[in-house]
Structures are given as structure tokens and as C-alpha cells.
1. Might you let me know whether the stretch 97-117 holds any residue that is of a type in the set (D, E, K, R) and in contact with a Ser or Thr (Cβ under 6 Å, 6 or more places away or on another chain)?
2. What is the residue count in the stretch 77-92 for residues that are over 30 Å from Thr172 (Cβ atoms) and either modelled with pLDDT under 95 or not in a strand (DSSP E or B) (or both)?
3. What is the residue count in the stretch 38-54 for residues that are more than 23 Å from Pro117 (Cβ to Cβ) and either surrounded by 15 or more Cβ atoms within 10 Å (Cβ to Cβ) or modelled with pLDDT of 55 or more (or both)?
4. Could you please find all residues in the stretch 111-124 being in contact with a Phe, Trp or Tyr (Cβ under 7 Å, 6 or more places away or on another chain) and surrounded by fewer than 20 Cβ atoms within 10 Å (Cβ to Cβ)?
5. Among the listed residues Leu137, Leu164, which satisfies the condition of being surrounded by 16 or more Cβ atoms within 10 Å (Cβ to Cβ) and either of a type in the set (Lys, Arg) or in contact with a Leu (Cβ under 8 Å, 6 or more places away or on another chain) (or both)?
6. If the Cβ limit is 6 Å and pairs must be 6+ apart or interchain, which residue in the stretch 115-130 that is in contact (Cβ under 8 Å) with a residue 60 or more places away in the chain pairs with which residue that is surrounded by fewer than 19 Cβ atoms within 10 Å (Cβ to Cβ) and among the polar types (S, T, N, Q)?
Amino acid sequence: MNESLSTRRLVIRLSLVVVAMFGFGFALVPIYDVMCQAFGINGKTAGAYQAGQQDVDESRQVRVQFLATNAADMVWAFRPLADEVTVHPGDSTQMVFVAHNPTDRPMTAQAIPSVAPSRAAAYFHKTECFCFTQQVLQPGERIEMPVRFIVDRDLPADVRHLTLAYTLFDITASKPPVAQVGQ
């Protein structure tokens with residue numbers, strides 16, 4: 001009888017641990033977002049932005065550098081058409097990134113952006129971006145992908161240089177296979 005009681009207690013304790021781990025897993029994303037916002041880390045961009053009648057600050061220039069990297073196992077060629085541009089805060093600017101799928105199979109990718117310095121990320125607004133959607137390229141296909149952005153006029157005056165970096169991830173395995181015509 002004593003063994004049965006200790007086995008039951010062990011099962012209850014292990015069940016509670018499993019429930020606690022499951023709950024903690026759900027809480028990680030909101031906790032991460034709050035911590036990033038509180039400490040100004042991660043360099044997340046301000047996201048989609050609806051351009052209004054914002055005045056352009058012609059008296060000031062900000063240099064925006066572009067970086068493109070591939071995550072592990074991503075084989076696409078991926079790069080910006082230019083390494084950097086100089087912009088006036090409040091002015092809408094476009095940069096084009098080029099991707100090429102050198103494989104013999106269709107692939108799907110997702111670009112994840114980051115802005116440095118992280119305290120300037122809230123002042124970097126994308127009005128159009130290839131990172132808003134997944135990119136599907138057929139074997140050997142090459143695509144030009146625009147990003148249109150505005151550096152906010154309220155960017156702190158001491159920030160004169162921003163870096164917009166994209167990491168390209170292969171998410172082909174997470175997408176259901178596309179049915180071939182005639183099957």
C-alpha cells in the first residue's frame with residue numbers, strides 16, 4: 001500500500017511539472033517581447049507604417065546600411081542592390097534586395113528584419129517590405145524584392161547611422177507540398 005501511495009504522489013508531481021512546463025512555454029513569447037521592449041534589445045523594427053503627410057527634414061541626413069545573411073541551411077543567394085543609402089528623415093526611400101534559388105526544387109523563405117542600434121528601431125518604419133510575406137521561388141528563379149521605408153523625423157539627433165539587417169530562413173519544410181498539375 002505504501003508503494004502505491006508513493007507512486008501516486010510521484011505521478012501527481014510529474015503531472016504538475018508537465019503542466020507548469022506547458023504553461024511556461026506559452027508565456028515565453030509575451031515575456032520575451034516585454035523584456036525586449038523594457039531593455040531596448042533585439043532591434044525589432046517598428047513594423048508596417050502608413051505614411052502620412054510627414055514633413056521631410058532636409059537639414060539632416062541619416063546613413064542607412066543594409067545587410068543580408070542566410071540562416072543555417074539556406075542556400076539562396078541573397079543581397080541588397082546597394083550597401084547603403086543616405087536619407088533625410090521623413091522621406092520615403094526604397095531599397096531592392098535580390099534573391100536567387102540555385103536549387104532544382106521550389107523553396108519557400110521568410111526574411112526576419114532587425115535594426116541597429118536597437119533604440120532607433122521604433123523610428124524605422126517600413127511601408128512595403130518583402131519580409132511581410134513568405135517568398136516562394138521556383139528552381140533557378142531570381143527575384144527582386146523591394147523594401148520601402150521612412151526614417152522618422154523624431155529619430156534622436158545623435159543617431160546618424162542605422163543598419164537594416166535581414167536574415168533569410170528556409171521554411172520549405174514547414175509548408176505543405178504543392179500539388180503538381182495533373183495529379
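1. Here is the first cut: in the stretch 97-117, the residues of a type in the set (D, E, K, R) are 104-105.
Add one more test, that the residue is in contact with a Ser or Thr (Cβ under 6 Å, 6 or more places away or on another chain), and what stays is none.
Within the stretch 97-117, none of the residues are of a type in the set (D, E, K, R) and in contact with a Ser or Thr (Cβ under 6 Å, 6 or more places away or on another chain).
2. Within the stretch 77-92, the first condition is being over 30 Å from Thr172 (Cβ atoms), and the residues that meet it are 84-92.
From the residues that got through so far, the ones that are either modelled with pLDDT under 95 or not in a strand (DSSP E or B) (or both) too are 88-92.
Total meeting the criteria: 5.
3. 0
4. Filtering the stretch 111-124 for residues in contact with a Phe, Trp or Tyr (Cβ under 7 Å, 6 or more places away or on another chain) gives 111-113, 115, 124.
The one that is in contact with a Phe, Trp or Tyr (Cβ under 7 Å, 6 or more places away or on another chain) and surrounded by fewer than 20 Cβ atoms within 10 Å (Cβ to Cβ): Ile112.
5. Working: Leu137 fails: either of a type in the set (Lys, Arg) or in contact with a Leu (Cβ under 8 Å, 6 or more places away or on another chain) (or both).
None of the other options fit; the residue is Leu164.
6. Final answer for the pair search is Ala116/Thr163.
Yes or no, residue by residue, for (1) at pLDDT 80 or above; (2) assigned to a loop (DSSP other than H, G, I, E, B):
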site: Ile12; (1), (2): yes, no
site: Val17; (1), (2): yes, no
site: Gly25; (1), (2): no, no
site: Val56; (1), (2): yes, yes
site: Arg63; (1), (2): yes, no
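The values are calculated or read from the model by the stated rules, or taken from the named source; none is laboratory data. Predicted model, so just to flag it, every value in this text is computed and none were measured. Cβ sites come from the backbone with ideal geometry, for glycine too, and all protein chains shown count toward neighbours.
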